[in-house]
Amino acid sequence: MKFAAKALTVGIVAAALAGCSREGDLDVGAGVGVNVTRSGCPTVAVPDGTGDVTIFNPVSSQDADAIDIVATVTNVRTTCNESGQKIYAQAAFDVQARRSDASGSRTVTLPYFNTVVQGGSAVISKRVGQVTIQFADGQQRASAQAQAASYIDKASASLPAEIVQKITKKRKPGDPDAALDPMADPEVRAAVVRSSYEMLLGFQLTEDQLRYNVTR
């Protein structure tokens, strides 16, 4: 399964770092700029086309009147712990499902993936889990909770010291590089991208299910 490209939330977040200024404060003493704190925690996202799944009955049909169950990933909540040698990121989410035929009780189990991507393209790990949804007799809608978690190497999610120095270098009005954005430096931008992680989650779809989602 190929993931849609996601925009990394780096940019000004990488302009990071030091001192006692509060996040968002204007640091006039060090030149014009905004102090923000860069985190090694991954961005958590649901790739396009994987946030919902449609099950047909019969499976050979994709007609509207053959839709059996539709389920959606929603309400994603994230936590992250950076205190150890590895970063521990966790995401909890809800799966809301609707079935066409509400007669009888029914249990439906759906697979979902949790993939860690470094630098926007390198897949570091992938795990597949399952979420089970229980419909009571006469109930058309049901929901369940699921979670995904991953460890990320803190060293690889941290910027090298020389890159930090370039980003946090004090610039005063009148300096030749006072108006230059550090992120315009290809070396800085590449380092920021390389140390940025995403945790992607969504339904583990078949080729037919993914094709249906992206072409409907």
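The values are calculated or read from the model by the stated rules, or taken from the named source; none is laboratory data. It should be emphasised that the depicted structure is a prediction, and the values quoted were computed from it without experimental measurement. Glycine gets a Cβ as well: all are built from the backbone with ideal geometry, and neighbour counts include every protein chain shown. To get the accessible areas, we keep the full protein, side chains included, count just its heavy atoms, and leave off ligands, DNA and RNA. Shrake-Rupley method; radii C 1.70, N 1.55, O 1.52, S 1.80 Å.
Observations on the model:
- Residues located in the stretch 85-122, provided they are at pLDDT 95 or above, within 22 Å of S195 (Cβ to Cβ) and surrounded by fewer than 20 Cβ atoms within 10 Å (Cβ to Cβ): Y88, Q90
- Residues in the stretch 139-152 that are more than 17 Å from the chain's Cα centre (by Cα) and in a strand (DSSP E or B): R141, A142, S143, A144, Q145.
- C41 meets all of the listed conditions (1) modelled with pLDDT of 95 or more; (2) within 24 Å of the chain's Cα centre (by Cα); (3) of a type in the set (A, V, I, L, M, F, W, C) but one, namely (1).
- Of the residues making up the stretch 40-76, those that are open to solvent by 50 Å² or more (accessible area, probe 1.4 Å) and either within 20 Å of T109 (Cα to Cα) or assigned to a loop (DSSP other than H, G, I, E, B) (or both) are D48, N57, P58, V59, S60, Q62, D63, T72, N75, V76.
- The stretch 196-216 - residue that is assigned to a loop (DSSP other than H, G, I, E, B) and modelled with pLDDT of 90 or more and, of those, nearest to the chain's Cα centre (by Cα): S196
- Test result for G129, outside any strand (DSSP E or B) and either more than 20 Å from A191 (Cα to Cα) or without any contact (Cβ under 8 Å) to a residue 40 or more places away in the chain (or both): no
- Of all residues in the stretch 92-138 being among the polar types (S, T, N, Q) and under 28 Å from I152 (Cα atoms), the one that is farthest from the chain's Cα centre (by Cα): T132
- Tallying residues that are of a type in the set (G, A, S) and part of a strand (DSSP E or B) within the stretch 85-122 yields 5.
- Only residues that are of a type outside the set (S, T, N, Q), at pLDDT below 80 and open to solvent by less than 100 Å² (accessible area, probe 1.4 Å) were counted across the stretch 155-178, and they come to 9.
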